1. What is the Cα convex hull volume of the chain when expressed per residue in Å³?
2. Could you please rank 244, 290, placing first whichever residue has the fewest other Cβ atoms within 10 Å of its Cβ?
3. Relative contact order for the chain: what percent, with Cα pairs under 8 Å and sequence separation of 6 or more?
4. Rg (Å, one decimal) plus Dmax (Å, integer) for the alpha carbons of region 103-168?
5. Ranking 300, 135 by Cβ neighbours within 10 Å, fewest first, what do you get?
6. Assuming R0 = 60 Å, what is the FRET efficiency of residue 88 and residue 429, from their Cβ-Cβ distance, to the nearest 0.05?
7. Which of 425, 17, 32 moves most in a GNM of the chain, Cα contacts under 10 Å?
8. Once the Cα gyration tensor of region 334-377 is diagonalised, what are the square roots of 5 times its eigenvalues, in whole Å and ordered largest first, as equivalent ellipsoid semi-axes?
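Any read-out appearing in this document is the output of simple, stated calculations on the displayed coordinates, not a laboratory observation. For clarity, every value in this text was computed on a predicted model and none was experimentally measured. Here the Cβ positions follow ideal geometry from the backbone for every residue, glycine too, while neighbour counts run over all protein chains shown.
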Ligand code: CMC
């Protein structure tokens, strides 16, 4: 069994010993910030053993320049910029440009980028027929997985993933078409006609227009709602090597079509432990119903025999307040105030639940704090966005991170097909027994 040495042999190396006989000097890699990483690529060839790390709790799957998280301190940086500053001062399209290109755009670059996105926002008319293959009551995330995956049937032949120009066009197409597909998934579920994108509108305005306008009357996009949703998009744009991003990278590592890779990311995001949590938070708050019932649900969350967990609480990386939750907590007050929603009972319930949980020994000891999903659902609901669309909005925004990470992976000279190993615990070799001789 491999054991770590007490201390690294020198500044650059890390000594790993296996039993009494074998040892290996492993390079210690340093990032610009954050913990060092032990390069174990020689481990199997030199020592004949693998590492065991279910859930990748101590494994860096790649190097990346996009996003940095310090979970202990509650820090989130995109290309070095703190998320709070981006949420306060930037726009989603500007953050998308930043993630894709590494620097904030100047005025001309931003205007060209936004114009390019606008000119890719329509979807092929034939794709529209695909929607009618879904049941009316299909979950919009199921529709997203199918329709985004189907984009690969439209753009496969012309896509050479080794050509940077092709990759960039695929990226623009995805970012531009996601709001159109998301809004169509919603319109389909309520039986209203699809609304086409309008180039005179900004990215968030256009999304609200496609969601809420109908052909029979004029629709005025509220600048307050557009700003609020843009901010939520910024907060969800990227988040390092989370489950769905790792899924996109893993799918892409085989050279697969990027639209199919993003469909895989959407499938992963759908789960309640990941992006589906914002939907689960509202369901949980509805179920709790009143402040008096909070202790009962806190007790259930702490009970190992009860599968109930406090949704919107806890995070694999953050062992402090999720900085995105802090921004959204403020936004929740601002948006509800600006929309004229006074005394939203769910917000009061959420704040009381947070207060009680943060004073409870169980949550304190495990460093369980509210995450990004805790407050986003409350804002979405106040904006009139149906619960089933919450995770779709997360997917829309995270597409930027997925595609920027996919691009970075393709350009990485260290990139190889993702192929984890395992600790085999099944039967050793044995002979086949014919059916009539089995006991
Ligand atoms: N409620 C009650 N107990 C919890 C919770 C929770 N929400 N989260 C973690 N714990 C407990 C867990 O039972 C374990 O206790 P013990 O040590 O006694 O066995 C301890 O805290 C450590 O939890 P873990 O399951 O080992 O942590 P993880 O890193 O594997 O899971 C998580 C992280 C986000 C899946 C988990 O905290 C969770 O299920 N939270 C609720 C769902 C949620 O809000 N998800 C959104 C994540 S943020 C948005 C995104 O990235 O998608």
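1. Dividing the Cα hull volume of the chain by its residue count gives 215 Å³.
2. Exposure proxy ranking, most exposed first: 290, 244.
3. Relative CO of the chain lands at 19 percent.
4. Both quantities, over Cα of region 103-168: 15.7, 45 Å.
5. 135, 300
6. 0.45
7. In this elastic network of the chain, the residue with the biggest mean-square fluctuation among 425, 17, 32 is 425.
8. In descending order, the three semi-axes are 25, 11, 6 Å.
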